[in-house]
Amino acid sequence: MAAVLVSAGRHPFTGTPRACRGDAVAIALGQRIVGDGLRIIHAGAIDEPALKDYLALGAGTIEVVATPNGYDTVRVLSGLLKDVDLVLAGGRAESGAGSGLFPYALAKALGRPVVANVLDVEIEGAEARVRQFLPKGRRRGVAVSLPAILAVHPLTQVRLGYAYARRLSGRIVAVSPAIDGQLGAGARESPWTVEQTSRRPVRLKAEEKRPAHERMRAAVISEAKGGVVAFEGTSVDKAQVVLNYLRNHRLIEF
């Protein structure tokens, strides 16, 4: 049995509800692996407007589990997924700098291995053979025993097709949380919140002081970039080199 966890996606600039790209890719990959037997699960409100987009992308039926007061999302989902062999999710939700840790927290709660940046999966018996994304275009093959949790990379090669008819015909159903035991005195409130993403930081750029002819030449001819490499001296000396560079190019005013 396989399941995909979907979050309440938000546009990073406008905050408009939408399907999270990473979770939509996870649905497409899960359907490629198991076909129509895939479960789609969302922890939150049943009237979440972003869920309609997942229906349009082919989710079919979305199971929505509420998180009772005093129970966090990890505890609720770990009870619901304890009998599921393969759990897929996007690498991170579209909810600001605090996202990206949920697959690891869920794997810890269930006592299962987790693989991040998954591009493709093949199931062979009780084992999943994963192709994993690595920086600089590299790829790596990983074998992991089931049950396991896989965080799917957003660049996974899948075809996402949006159909308004599926948005109307799909179903969103409520399911009861399967939580073992009673809420103890040490339980904490859910730490997961939806927030607007912050603006991306602006990279500092040194003021260009070369003549126009040299700038044009640099644009058409590949040449080595100038700079200072501080190999010698203490950490204070090296920091002073960086500080002098920033002052000379008027990137700081102190």
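Considering the stretch 1-105, the qualifying helices (runs of 4 or more DSSP H), each wholly inside and each with 1 or more residues that are under 23 Å from Val144 (Cα atoms), run over 21-34, 73-80. Of all residue pairs spaced 6 or more apart or on separate chains, those with beta-carbon atoms under 6 Å, a first member in the stretch 50-70 that is touching a residue at least 12 places away in the same chain (Cβ under 8 Å) and a second member that is assigned to a strand (DSSP E or B) and among the small types (Gly, Ala, Ser) are Ala50/Gly9; Val64/Ala174; Val65/Ala43; Thr67/Ala43.
Within the stretch 123-172, being open to solvent by 50 Å² or more (accessible area, probe 1.4 Å), hydroxyl-bearing (Ser, Thr, Tyr) and touching a helix residue (DSSP H, G or I) at 6+ places or on another chain (Cβ under 7 Å) holds for Tyr162, Tyr164. Within the stretch 233-254, identify whether any single residue is more than 30 Å from Gly90 (Cα to Cα), at pLDDT below 75 and among the small types (Gly, Ala, Ser), and answer yes or no. Within the stretch 233-254, not a single residue is more than 30 Å from Gly90 (Cα to Cα), at pLDDT below 75 and among the small types (Gly, Ala, Ser).
Against the definition (touching a strand residue (DSSP E or B) at 6+ places or on another chain (Cβ under 7 Å) and surrounded by fewer than 21 Cβ atoms within 10 Å (Cβ to Cβ)), how does Ala89 come out, yes or no?
no
What about Gly100, is it surrounded by fewer than 19 Cβ atoms within 10 Å (Cβ to Cβ) and at pLDDT 90 or above? No.
The values are calculated or read from the model by the stated rules, or taken from the named source; none is laboratory data. Remember, predicted model here, so these are calculated numbers, not experimental data. Glycine also receives a Cβ, built like all others from the backbone with ideal geometry; neighbour counts cover every protein chain displayed. Keep in mind that these areas ignore ligands, DNA and RNA; they rest on the heavy atoms of the full protein, side chains included. Shrake-Rupley method; radii C 1.70, N 1.55, O 1.52, S 1.80 Å.
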